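A.B. asks: Below is one structure. I have some questions about it.
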Amino acid sequence: MTTVARSERLRGLVGRPELTALAGAIAVFLFFVVTAGDSGFLTSQGTVNYLEVAAQLGIIAVFVTLLMIAGEFDLSVGSMLGAAGVIVAYTATELAWPLWAALLIAIVASALVGLLNGYLVIRTGLPSFIVTLAALFILRGATIALTRLATDGSTQVGGVDAATQGDPLRGLLAGEVFGVPAAVFWWLALTAFATVVLAKTRFGNWIFGVGGDSEAARKLGVPVARVKIALFVLTAVSAALVASIGVLDNGAADVQQGQLKEFQAITASVIGGTLLTGGFGTAVGTAFGALIFGMVSQGLFFTGVDADWFQAFLGGMLLAAVLVNRYVQRRAREVR
Amino acid sequence: MTEAGPARRAIVELREIRKSFGHVTAVNGVTLHVYPGQVTCLVGDNGAGKSTLIQILAGVHRPDGGELAVDGEPATFRAPRDALERGISTVFQDLAMIPLISIVRNFFLGREPSRSVGPLKLVDWREAARIAAEQMTRIGIDVRDLSQPVGTLSGGERQSVAIARAIHFGARVLVLDEPTSALGLKEAGRVLEHIRNARDHGIGIVFISHNLTHAWEVGDRFVVLNRGTSYGEFERDRLTKEELRAMMEGRSR
């Protein structure tokens, strides 16, 4: 009898890791309502602020989650974001390309980086942690060096606003609806898309299979290499999307843009219930993870607490999330 | 080795199969038949050459000598896919199961029934679960909730799901690698029952075991291996359990 009850409970947990993240998001929200509710956290501006931060992380994190479920990491997304931002800004201003061409070249470049990441991981058999860590440094270093070369020593490329004035694509990336920035809609749409992919498609099942046991998946006919490479490409392109949104929002690109994004994305995924060991996770959980990140990063400001505590707070949440995940995973692997 | 009963044709026939790895002869002149609705037991101690023979049947290794025939015609398996296409499905000991995903997702992994909607291939998991449940009921597996993760299943239950999966995807011959070796008494009994049910549905089964009792319980014919060579292929009614034991222990008949 107890085994049935335990198995039911386990199934509840394993099936719904996003519930833990939802509970965490509610707790964080209430925490700031109590500590900072009257200082602007609850205003529409305060809400938009943390939603925007959450969205810019969440767009990348949702693809990082898919990749992690498939058993791989991408530590190069932050550097990719910086590189893609400079590409968009430079081609749109210095080269005076139309915005669509600037965006297209950034997407193509990021897709190539993703392809290369995936190809190297598959061909060398090295952990993606190492391959993409190398990509993190190579991309960042090349971005800084090339930007300086191209701009006579500057690490920023500005003038994007003037160059893209009146372009209809601007609204799609940096516009607002009822004061809510476009990034938030991209975030929600991509989270919904990833949820459908995982829950309802063949490719989604392959992602779980590849991450759960790639050898078993291969034996059953799943094209393991194709699945992983496709996810590396999507992840890199998501960084280019966030880079484009950022450049159009700020009117400029900075070579240091996106630093630590790779770890923040992993943090959002793990808080959302994704296992570091692969084979398990949800897009909705990650969205709540990103929301927590956004609320904490903006909320501390409203509480008057020194914002330096932000990272310590986040680290604590990450540790707690990992402990919960490990508990769930252990129960799932137990044989009745 | 004349045939008893109606002149049925073997689905798979191995004749005088030989296979060496370097200087080591793993299998030396083994003959084996698999008939529809029969269980062919491949028994022998560790290192007797059972695994090599399985891998030849599964298309992982190619024999150095001898003949392999499917439906009476000579066949060559260049890759596991070739064996699968001829309806020969091997359930290896690791079962190729993903513990963290549901039974139904495991059941269809790599071969999900789907319809295209734009670039997406959508899977109706509810319908898939219905199909899987039907298949499992057919070979007598007690179906609980197919949405629970495979990790919550016992070893025997996983074995049963793997068998049902292989049958569903068109296995005419099911090669089972030590399916009962890691199981308790009750669980092993249940898996043997599924094997009998599959046999009754006309599937030819190759049952690999080093457990005399389990083999004797379900076997219709026996091939006994000892250090790569075969004592021969025996139909059940030409053999006693004692004789089988003697051969398995390396004493001749």
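The values are calculated or read from the model by the stated rules, or taken from the named source; none is laboratory data. Note that the structure is predicted; figures quoted are calculated from it, not measured. All Cβ positions, even for glycine, are placed from backbone atoms using ideal geometry, and neighbour counts span all protein chains on display.
A.B. asks: Quick check on the range B:146-153. Is at least one of its residues assigned to a strand (DSSP E or B) and surrounded by 23 or more Cβ atoms within 10 Å (Cβ to Cβ)?
C.D. replies: yes
A.B. asks: Sticking with this structure for a sec: I'd like to know if the range B:171-181 contains one or more residues that are touching a residue at least 60 places away in the same chain (Cβ under 8 Å), surrounded by fewer than 24 Cβ atoms within 10 Å (Cβ to Cβ) and more than 25 Å from B:GLY47 (Cα to Cα).
C.D. replies: Checked the range B:171-181: at least one residue is touching a residue at least 60 places away in the same chain (Cβ under 8 Å), surrounded by fewer than 24 Cβ atoms within 10 Å (Cβ to Cβ) and more than 25 Å from B:GLY47 (Cα to Cα).
A.B. asks: Considering (1) more than 22 Å from the chain's Cα centre (by Cα); (2) at pLDDT 90 or above; (3) not hydroxyl-bearing (Ser, Thr, Tyr), say which one B:GLN148 fails and leave the rest.
C.D. replies: (2)
A.B. asks: Which numbered condition trips up A:GLN259, out of (1) surrounded by fewer than 24 Cβ atoms within 10 Å (Cβ to Cβ); (2) closer than 22 Å to A:LEU99 by Cα?
C.D. replies: (2)
A.B. asks: Take the range B:122-133 and flag every residue that is free of Cβ contacts under 8 Å to residues at least 12 places away in the same chain and hydrophobic (A, V, I, L, M, F, W, C).
C.D. replies: Answer for the range B:122-133, where residues must be free of Cβ contacts under 8 Å to residues at least 12 places away in the same chain and hydrophobic (A, V, I, L, M, F, W, C): just B:LEU122.
A.B. asks: Among the residues of the range B:54-90, what is the count of those that are charged (D, E, K, R) and touching a helix residue (DSSP H, G or I) at 6+ places or on another chain (Cβ under 6 Å)?
C.D. replies: Selection size over the range B:54-90: 0.
A.B. asks: Does A:THR195 satisfy the criteria of being of a type in the set (Val, Ile, Thr) and at pLDDT below 95?
C.D. replies: Against the criterion (of a type in the set (Val, Ile, Thr) and at pLDDT below 95), A:THR195 does not qualify.
A.B. asks: Same structure again: Criterion first (within 14 Å of chain B (Cβ to nearest Cβ), touching a Gly at 6+ places or on another chain (Cβ under 6 Å) and surrounded by fewer than 24 Cβ atoms within 10 Å (Cβ to Cβ)) does A:GLY278 satisfy it?
C.D. replies: For A:GLY278, the condition - within 14 Å of chain B (Cβ to nearest Cβ), touching a Gly at 6+ places or on another chain (Cβ under 6 Å) and surrounded by fewer than 24 Cβ atoms within 10 Å (Cβ to Cβ) - is met.
A.B. asks: Any residue that is over 30 Å from B:ALA162 (Cα atoms) and buried (at least 17 other Cβ atoms within 10 Å of the Cβ) - is there at least one of those in the range A:204-213?
C.D. replies: no
A.B. asks: I'd like to check something: does the range A:74-88 contain any residue that is assigned to a loop (DSSP other than H, G, I, E, B), surrounded by 16 or more Cβ atoms within 10 Å (Cβ to Cβ) and acidic (Asp, Glu)?
C.D. replies: Checked against the condition, which is being assigned to a loop (DSSP other than H, G, I, E, B), surrounded by 16 or more Cβ atoms within 10 Å (Cβ to Cβ) and acidic (Asp, Glu), the range A:74-88 yields at least one hit.
A.B. asks: Which residues, counting only those in the range A:207-216, are more than 22 Å from B:SER116 (Cβ to Cβ), in a helix (DSSP H, G or I) and either facing chain B (nearest Cβ under 7 Å) or touching a residue at least 40 places away in the same chain (Cβ under 8 Å) (or both)?
C.D. replies: Correct list: A:GLY211, A:GLY212, A:SER214, A:ALA216.
A.B. asks: Of the residues A:GLY221, A:GLY204, only one is within 14 Å of another protein chain (Cβ to nearest Cβ), out of contact with any Pro (no Cβ under 9 Å at 6 or more places or on another chain), under 24 Å from B:PRO119 (Cα atoms) and not in a helix (DSSP H, G or I); which?
C.D. replies: A:GLY221
A.B. asks: I'm trying to understand the selection: among the residues of the range B:134-157, which are under 16 Å from B:VAL104 (Cβ atoms), in contact with a helix residue (DSSP H, G or I) (Cβ under 6 Å, 6 or more places away or on another chain), within 14 Å of chain A (Cβ to nearest Cβ) and touching a residue at least 12 places away in the same chain (Cβ under 8 Å)?
C.D. replies: B:LEU146, B:GLN148, B:PRO149, B:VAL150, B:GLY151, listed by residue number.
A.B. asks: Same structure again: So, in the range B:107-128, how many residues would count as being facing another protein chain (nearest Cβ under 8 Å) and either buried (at least 22 other Cβ atoms within 10 Å of the Cβ) or not small (Gly, Ala, Ser) (or both)?
C.D. replies: 9
A.B. asks: Within the bounds of the range B:94-106, is there any residue that is surrounded by fewer than 19 Cβ atoms within 10 Å (Cβ to Cβ) and either facing chain A (nearest Cβ under 8 Å) or at negative phi (or both)?
C.D. replies: Checking the range B:94-106: at least one residue is surrounded by fewer than 19 Cβ atoms within 10 Å (Cβ to Cβ) and either facing chain A (nearest Cβ under 8 Å) or at negative phi (or both).
A.B. asks: Further question on the same structure: Starting from residues that are of a type in the set (S, T, N, Q) and within 13 Å of the chain's Cα centre (by Cα), keep the ones in the range B:16-65 and report whichever is farthest from B:PHE222 (Cα to Cα).
C.D. replies: B:GLN55
A.B. asks: May I pose another question? Could you grab me the full set of residues in the range A:150-201 that are under 23 Å from A:TRP97 (Cα atoms), assigned to a helix (DSSP H, G or I), without any contact (Cβ under 8 Å) to a residue 40 or more places away in the chain and not hydrophobic (A, V, I, L, M, F, W, C)?
C.D. replies: Listed by number, the residues that qualify are A:PRO168, A:GLY171.
Yes or no, residue by residue, for (1) in a helix (DSSP H, G or I); (2) away from chain B (no Cβ under 14 Å); (3) under 12 Å from the mean Cα position of the chain (by Cα):
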residue: A:ARG226; (1), (2), (3): yes, no, no
residue: A:PHE232; (1), (2), (3): yes, yes, no
residue: A:ALA265; (1), (2), (3): yes, yes, yes
residue: A:SER269; (1), (2), (3): yes, yes, yes
residue: A:LEU291; (1), (2), (3): yes, yes, yes
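A.B. asks: So which strands (runs of 3 or more DSSP E) stay within the range B:1-119 end to end and still have 1 or more residues that are touching a His at 6+ places or on another chain (Cβ under 7 Å) and of a type in the set (A, V, I, L, M, F, W, C)?
C.D. replies: Hits in the range B:1-119: B:39-44.
A.B. asks: Any residue that is modelled with pLDDT under 90, within 14 Å of chain B (Cβ to nearest Cβ) and over 15 Å from A:THR65 (Cα atoms) - is there at least one of those in the range A:315-326?
C.D. replies: Yes, the conditions are met somewhere in the range A:315-326.
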